[in-house]
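The values are calculated or read from the model by the stated rules, or taken from the named source; none is laboratory data. Predicted model, so just to flag it, every value in this text is computed and none were measured. Methodologically, a virtual Cβ is constructed for each residue, glycine included, from the backbone with ideal geometry; neighbour enumeration extends over all protein chains shown.
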């Protein structure tokens with residue numbers, strides 16, 4: 001998709017997509033953001049992770065030019081968000097959590113043409129770009145349907161289409177998959193990943209820890225307005241406590257009277273194993289030691305004439321890290 005925007009295209013600009021340094025925002029006596037620093041490269045999906053009330057939406061509103069920071073700086077491709085606000089607006093696309101700005105009685109095409117005209121397109125260019133973008137987000141064939149008749153997933157795709165109209169250098173995404181079914185959420189992630197592949201820098205705000213694994217390139221976890229972690233998903237996972245698994249094990253030792261003790265003896269230093277609360281004699285909770293792997297533990301169990309029938313992680317490591325970082329007290 002090629003932009004016809006009168007503004008500058010992605011290829012015309014250089015530097016980090018987003019550069020935030022010491023950004024704070026206060027509302028009266030309440031500090032919503034406290035000295036936040038984040039850097040997002042072009043072509044990168046950077047997840048902004050945190051619970052409700054963490055300050056994620058406030059940060060996105062500041063970057064979109066809707067709220068001014070109390071202190072600190074933020075730049076979009078080198079443009080200061082306060083002193084060069086008009087230039088920044090031409091570089092940024094916003095996908096809000098809940099979008100009530102579409103005209104429900106107008107069709108999807110009519111809505112996009114309207115917004116295209118606001119962005120500075122001529123009518124013909126606006127109509128052509130609107131049709132092309134609707135096709136890109138999978139709404140071809142629905143362009144003449146009134147938006148009021150769109151499903152939630154279709155309205156979310158329409159919001160993405162509007163954000164992509166100008167082929168923005170930066171996308172700010174706020175809880176994009178909220179209230180979407182798994183297929184709709186997958187479609188949204190594919191669309192923003194395609195934008196990143198074209199060079200767009202993305203800041204993806206979410207409280208859903210499960211959706212960033214295998215999707216986000218980097219993660220910043222924010223809690224009570226303060227950055228608690230910045231790094232890769234793998235680095236976030238490394239903060240978690242030892243991983244636990246629920247195993248279903250069949251005892252191959254006919255004469256065995258104490259399978260739990262025998263299993264623990266087989267594991268040795270690799271981990272700890274206890275019978276779970278089901279009481280069926282087949283389900284066990286396995287906790288892996290820091291220096292061991294799941295494969296080593298299972299190999300030790302099977303070598304002792306036990307058969308592992310199933311294995312499930314009791315709580316994803318990334319969820320453990322999220323809880324660890326958001327439950328700790330902050331100064």
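Observations on the model:
- Residue within the stretch 128-138 that is modelled with pLDDT of 85 or more and under 17 Å from the mean Cα position of the chain (by Cα) present: no
- Test: residue in the stretch 112-120 that is in a loop (DSSP other than H, G, I, E, B) and either closer than 30 Å to residue 38 by Cβ or assigned by TED's automatic domain parsing to the domain that holds residue 203 (or both): yes
- Qualifying position, being surrounded by 13 or more Cβ atoms within 10 Å (Cβ to Cβ), assigned by TED's automatic domain parsing to the domain that holds residue 59 and modelled with pLDDT of 75 or more, among 231, 271: 231
- Selection within the stretch 174-205: residues that are touching a helix residue (DSSP H, G or I) at 6+ places or on another chain (Cβ under 6 Å) and in contact (Cβ under 8 Å) with a residue 60 or more places away in the chain. The member of this set that is surrounded by the most Cβ atoms within 10 Å (Cβ to Cβ) is 202.
- Scan of the stretch 322-331 for residues that are at pLDDT below 75 and outside any loop (DSSP other than H, G, I, E, B), ordered by number: 324, 327
- Filtering the stretch 115-124 to residues that are touching a residue at least 12 places away in the same chain (Cβ under 8 Å) and either farther than 29 Å from residue 77 by Cα or surrounded by fewer than 17 Cβ atoms within 10 Å (Cβ to Cβ) (or both) leaves only 120.
- Some residue of the stretch 158-165 being in a loop (DSSP other than H, G, I, E, B) and touching a helix residue (DSSP H, G or I) at 6+ places or on another chain (Cβ under 9 Å): yes
- Hits in the stretch 142-164 (condition: farther than 17 Å from residue 187 by Cα and modelled with pLDDT under 90): none
- Failed condition for residue 148, given (1) free of Cβ contacts under 8 Å to residues at least 60 places away in the same chain; (2) within 13 Å of residue 113 (Cβ to Cβ); (3) assigned to a helix (DSSP H, G or I): (2)
- The residues in the stretch 209-231 that are within 27 Å of residue 29 (Cβ to Cβ) and in a loop (DSSP other than H, G, I, E, B) can be counted, and the count is 2.
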